[in-house]
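Report on one structure; see the data block that follows.
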């Protein structure tokens with residue numbers, strides 16, 4: 001089977017699908033139009049289609065001509081609450097919503113893999129499931145758990161599962177993969193500070209929640225630099241700081257919203273106590289009070305060694321040797337694909353997408369874009385790794 005040739009034959013369609021999805025982004029758990037578009041395509045190709053699985057996810061099932069193993073391929077469909085500034089002719093038509101993390105490309109590539117494999121149904125022994133997942137960006141409870149709970153990995157039970165993520169840091173068109181940890185645990189912290197408001201000209205009569213919260217933001221970095229093993233990666237980021245109503249009124253309360261990223265589960269479990277202890281102590285020192293809501297989100301994504309090897313083998317077959325980059329370090333980003341790997345052998349891999357037709361901006365940026373010539377390469381590897389899994 002010459003997978004890449006088959007993919008090149010539909011490359012223009014894959015690009016068109018990506019542009020349609022990009023122009024009509026939808027946030028997590030609200031991917032109604034995207035799901036309808038995906039389900040319609042899968043139905044055209046004769047797949048068994050299950051819509052509204054675990055919310056707004058779609059599952060396509062391709063039954064081979066004979067019995068065999070079961071493999072799943074997953075793509076995420078949701079966009080981000082970002083106002084697009086790319087200037088693309090197919091830019092978002094939904095104000096305040098943008099595909100800024102490549103999920104439009106992921107969905108288009110999985111559609112491409114589904115069309116290519118559907119045309120080879122008579123040659124397939126086993127079952128291929130195509131999981132078009134909602135709400136990957138909705139940590140701490142994304143769309144993977146609802147899909148799993150809805151039985152997407154059952155009947156027949158999935159033996160192998162794979163996913164890819166467009167990744168600007170990997171050389172263009174290459175596949176980056178590693179066994180073991182690839183993505184980090186992704187947790188959320190919310191800090192509520194309560195002081196005593198008053199006139200901006202009389203700070204001595206108040207307990208300024210802005211000052212207290214500011215000290216907390218700074219001190220949280222000391223947990224990383226002074227309470228953690230420097231060889232253990234930990235990130236604490238405060239992404240939102242909300243306080244105050246007027247320039248001359250001292251705020252009585254403040255709210256901090258942030259994320260904590262780790263790769264070691266022991267370290268992860270130690271952080272709620274450390275953060276609460278620090279936050280409450282700083283607040284008390286200023287005569288204020290504070291509380292911490294610590295919510296565990298996605299766990300560390302650990303690729304199975306066998307799954308990583310299968311990605312390498314599939315890349316060599318689909319693209320030719322020399323197109324695999326062995327990743328040395330994981331990312332501190334989080335991914336709910338981690339949950340699937342508790343149920344089946346598999347791996348996530350990264351696809352280099354920063355070619356001549358790409359922007360210079362990173363994912364989650366309002367100007368992020370990728371080179372669409374990467375789509376055919378990712379589609380081919382996804383289709384080939386499914387075939388390799390079925391042959392195991």
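So here's what we get for this one:
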{"read-out": "Residue ID - nearest to residue 19 (Cα to Cα), chosen from residues in region 337-391 that are part of a loop (DSSP other than H, G, I, E, B) and in contact with a helix residue (DSSP H, G or I) (Cβ under 8 Å, 6 or more places away or on another chain)", "value": "372"}
{"read-out": "Single match in 74, 69, 141 (criterion: assigned by TED's automatic domain parsing to the domain that holds residue 345, over 18 Å from residue 384 (Cβ atoms) and touching a strand residue (DSSP E or B) at 6+ places or on another chain (Cβ under 9 Å))", "value": "141"}
{"read-out": "Some residue of region 41-55 being assigned to a helix (DSSP H, G or I) and farther than 25 Å from residue 335 by Cβ", "value": "yes"}
{"read-out": "Selection count, region 7-25, where residues are buried (at least 20 other Cβ atoms within 10 Å of the Cβ) and either free of Cβ contacts under 8 Å to residues at least 12 places away in the same chain or within 19 Å of the chain's Cα centre (by Cα) (or both)", "value": "4"}
{"read-out": "Filter result (in a strand (DSSP E or B) and either farther than 16 Å from residue 188 by Cβ or in contact with a helix residue (DSSP H, G or I) (Cβ under 7 Å, 6 or more places away or on another chain) (or both)) within region 236-252", "value": "236, 238, 241, 243, 249, 250"}
{"read-out": "Residue match in region 352-367 (condition: touching a strand residue (DSSP E or B) at 6+ places or on another chain (Cβ under 7 Å) and farther than 30 Å from residue 88 by Cβ)", "value": "no"}
{"read-out": "Residue 192 within 30 Å of residue 278 (Cα to Cα) and surrounded by fewer than 17 Cβ atoms within 10 Å (Cβ to Cβ)", "value": "no"}
{"read-out": "Which listed residue, of 82, 61, is surrounded by fewer than 22 Cβ atoms within 10 Å (Cβ to Cβ) and more than 20 Å from residue 137 (Cβ to Cβ)", "value": "61"}
{"read-out": "Some residue of region 107-129 being under 12 Å from the mean Cα position of the chain (by Cα) and closer than 19 Å to residue 55 by Cα", "value": "no"}
{"read-out": "Evaluation of residue 307 against (1) in contact with a strand residue (DSSP E or B) (Cβ under 7 Å, 6 or more places away or on another chain); (2) loosely packed, with under 14 Cβ neighbours inside 10 Å (one fails), failing number", "value": "(2)"}
{"read-out": "Qualifying residues in region 149-174 (those that are more than 23 Å from residue 392 (Cα to Cα) and touching a helix residue (DSSP H, G or I) at 6+ places or on another chain (Cβ under 6 Å)) - the one surrounded by the most Cβ atoms within 10 Å (Cβ to Cβ)", "value": "166"}
{"read-out": "Out of 54, 28, sole residue that is crowded, with 20+ Cβ neighbours inside 10 Å and out of contact with any helix residue (DSSP H, G or I) (no Cβ under 7 Å at 6 or more places or on another chain)", "value": "28"}
{"read-out": "Residues of region 31-51 classified as surrounded by 17 or more Cβ atoms within 10 Å (Cβ to Cβ), touching a strand residue (DSSP E or B) at 6+ places or on another chain (Cβ under 6 Å) and either farther than 21 Å from residue 102 by Cα or touching a residue at least 40 places away in the same chain (Cβ under 8 Å) (or both), total", "value": "7"}
{"read-out": "Region 372-392 residues that are at pLDDT 95 or above, paired with ones that are part of a loop (DSSP other than H, G, I, E, B) and buried (at least 22 other Cβ atoms within 10 Å of the Cβ) (beta carbon under 6 Å, 6 or more apart)", "value": "374/353"}
{"read-out": "Residue check, residue 30 at pLDDT 95 or above, under 28 Å from residue 341 (Cβ atoms) and not in a helix (DSSP H, G or I)", "value": "yes"}
{"read-out": "Count - residues of region 269-317 that are assigned to a helix (DSSP H, G or I), in contact with a helix residue (DSSP H, G or I) (Cβ under 7 Å, 6 or more places away or on another chain) and within 30 Å of residue 113 (Cα to Cα)", "value": "6"}
{"read-out": "Condition check for residue 324: within 21 Å of residue 140 (Cα to Cα), surrounded by fewer than 21 Cβ atoms within 10 Å (Cβ to Cβ) and assigned by TED's automatic domain parsing to the domain that holds residue 69", "value": "no"}
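The values are calculated or read from the model by the stated rules, or taken from the named source; none is laboratory data. Just so we're clear, the structure is a prediction, and the values are computed from it rather than from any experiment. So basically every Cβ, Gly included, is an ideal-geometry build from the backbone, and we count neighbours across all protein chains shown.
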